[in-house]
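The values are calculated or read from the model by the stated rules, or taken from the named source; none is laboratory data. Since the model is a prediction, treat every value here as computed from it, not as a measurement. Glycine gets a Cβ as well: all are built from the backbone with ideal geometry, and neighbour counts include every protein chain shown. Ligands, DNA and RNA are excluded from the accessible area calculation, which covers all protein heavy atoms including side chains. Shrake-Rupley method; radii C 1.70, N 1.55, O 1.52, S 1.80 Å.
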Amino acid sequence: MPEFAYLYRGGTRPESPQQAQQVMQKWIAWMKDLAEHGHMVDRGQPLERSGKIVQGANKSVIDGPFAEAKDVVGGFTLIKANDISEAAELAKNCPILERGGHVEVRPIMQMSM
Amino acid sequence: MGAAGAAPEGIDHLFRREHGRMVATVSRIFGMHNLKLAEDAVQDAFCRALEVWKVRGLPENPSAWLITAAKNRALDVIRRERTARRFAPELDRELRSEWTLVQAVEEQFSANAIRDDLLRMMFSCCHPAMPEDAQVALILNILCGFGVAEIAAAFMLTPAASTKRITRAKQILARSKRLFEVTSRRDFAARLPAVHRALYLLFNAGYHGASAEAAVRGELCREAIRLARAVVEHPLGAVPETHAVCALMCLNAARISARLDFAGNLLSLFEQDRRRWDQALIAQGLAFLESSAAGANISEYHVEAAIAAVHARAPTVEATSWDEIVTLYRLLMQIRPSPVVALNQAIAICQSAGASAGLAALQAIEHADRLAAYPFYSAAFGELELRLGHRESARGHFRTALGLARNPEEQRFFSRRLAACEGRI
């Protein structure tokens, strides 16, 4: 079955512990749902919002990324689905959508034999 | 873990409950004047935990994880700010030196210290310079992790009014310089009545509350019980009045689940299926009531607990000792008279001496104007008029009550009573 990466971008911080609680519970439920339906490949990892960028022929190291908060990747998960439309359909339940963030769905590139 | 963390609740309330203890602990280290800084540090720590957990899943011991995150965040803040800021005066010197910093912070985060911090913060929130409703809002905000919007919903405030109430209260708290010290017997005893009162009001906000969401009201009651238990488990807090507060909360809370039928309709005491009352809570409540019967002083909490106990013990409405309840309300009117108490007394009089006597008592309530916006006041008139067969008058009263209803359950309830006047039910 083809595999896909979900890249989680943006999303606002909860405004109270009560809200954090609700966000947490929704994520747990969502991840559980993916796993129970056989879609989970790797839960993935959360990423710090900032780090370093190494670039150019002179190999300069700068702070970054300087993308807007709504575009910064906050983490990723690997899943499998029949095709990209199913993968996108599954992503519709991601709790990040309720908090102004978005999920980027990217097929893992397959080596065709 | 302390009283507050003892219940194996999974993660249902994890963030909210740990929040209170963490803010209390961090503000003890930073000093009360840095309350905002402490709250921000805890929020940062919690947001990090959330970021990691939502992808990786929950760790084995989420509480310990949160404590470590808050501790590390506190250390970061101290290292960053210590040249510019003063922290808690009694710790300031240790925090300034990298030699003593980590150990000093570790000590403050030890399990025992954290348990006391919950009480310290609770007592600090009941500052005499604050109005009672501000104390309750502050307890909810800091100790129960309710946000401004949630507090607005619980008390039917606008978000702006809710923000203002909490901001002002925090300014007073921040000016109080340090957390209330719970080791001094004299200070503790002096502040304790205010704490009882705030917890009682918190409970009532849930029990008789206006919030449109039944779930929110249930939360308020549960939080009040949790905090009251934390007080009663402290050696200085275990006085008869605290036992009475715990008793009345448990005995009343035992009826909460029976107050809504399966369709979510509000049921009066007369309609409830008593088999749905929570017998475990009733047993705890009765045990608290027994322990409260020490000493010479009878507080309003004793009397309210005794009233709730009469109901809890009665197998049916008819078998309820209404005479005893009338007597208890009379006593309550002497200790803490209020139109709401008088209203409840009138309803009890109706049960023990008939609808005409009840109506007379209802009409005799002093300062009844203060009940004008309370839907159950009109509803009580409606009920008694209906029993006396005055359908037209009853209908008018229920219509008024319906107009004053504060949430969907109340609306449906009064609609049902209105229909009863037409003889349809």
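The residues of segment A:1-32 that are hydroxyl-bearing (Ser, Thr, Tyr), facing another protein chain (nearest Cβ under 9 Å) and closer than 30 Å to residue A:109 by Cβ amount to a single one, A:8.
Is it the case that segment B:382-391 has a residue that's of a type in the set (Gly, Ala, Ser) and under 26 Å from the mean Cα position of the chain (by Cα)? The answer is no, given that none of the residues of segment B:382-391 is of a type in the set (Gly, Ala, Ser) and under 26 Å from the mean Cα position of the chain (by Cα).
Being modelled with pLDDT under 90 and farther than 19 Å from residue B:271 by Cα is the requirement here; does residue B:364 meet it? The answer is no for residue B:364. Do we have any residue at all in segment B:275-293 that's among the basic types (Lys, Arg) and surrounded by fewer than 20 Cβ atoms within 10 Å (Cβ to Cβ)? Checked against the condition, which is being among the basic types (Lys, Arg) and surrounded by fewer than 20 Cβ atoms within 10 Å (Cβ to Cβ), segment B:275-293 yields at least one hit.
Whether any residue in segment B:28-39 is open to solvent by less than 40 Å² (accessible area, probe 1.4 Å), among the aromatic types (Phe, Trp, Tyr), in contact with a Phe, Trp or Tyr (Cβ under 6 Å, 6 or more places away or on another chain) and assigned to a helix (DSSP H, G or I) is what I want to check. Yes: one or more hits.
Evaluation of residue B:80 against the conditions (1) at pLDDT below 90; (2) open to solvent by 20 Å² or more (accessible area, probe 1.4 Å) shows that the sole unmet condition is (1). Where residues in segment A:59-110 are in a strand (DSSP E or B), more than 14 Å from chain B (Cβ to nearest Cβ) and of a type in the set (Gly, Ala, Ser), which of them is surrounded by the most Cβ atoms within 10 Å (Cβ to Cβ)? For segment A:59-110, the residue satisfying everything is A:64.
For segment A:29-44, the set of residues classified as more than 14 Å from the chain's Cα centre (by Cα) and either open to solvent by 40 Å² or more (accessible area, probe 1.4 Å) or within 19 Å of residue B:147 (Cβ to Cβ) (or both) consists of A:29, A:32, A:33, A:35, A:36, A:37, listed by residue number.
Scanning segment A:8-22 for residues that are open to solvent by less than 60 Å² (accessible area, probe 1.4 Å) and under 15 Å from the mean Cα position of the chain (by Cα) returns A:8, A:9, A:10, A:11. The residues of segment A:45-54 that are open to solvent by 50 Å² or more (accessible area, probe 1.4 Å), touching a Gly at 6+ places or on another chain (Cβ under 9 Å) and away from chain B (no Cβ under 14 Å), listed by number, are A:52, A:53.
Selection of segment B:153-187 for residues being open to solvent by 70 Å² or more (accessible area, probe 1.4 Å), out of contact with any Leu (no Cβ under 9 Å at 6 or more places or on another chain) and in contact (Cβ under 8 Å) with a residue 40 or more places away in the chain yields B:156, B:175, B:177, B:178.
Residue B:369 falls short on exactly one of the conditions (1) touching a Phe, Trp or Tyr at 6+ places or on another chain (Cβ under 8 Å); (2) surrounded by fewer than 17 Cβ atoms within 10 Å (Cβ to Cβ); (3) not small (Gly, Ala, Ser), and that condition is (1). Residues in segment B:49-76 that are in a helix (DSSP H, G or I), within 12 Å of another protein chain (Cβ to nearest Cβ) and open to solvent by 30 Å² or more (accessible area, probe 1.4 Å): B:51, B:52, B:56. Selection of helices (runs of 4 or more DSSP H) fully inside segment B:338-390 by the criterion of at least 3 residues being free of Cβ contacts under 8 Å to residues at least 12 places away in the same chain returns B:355-363.
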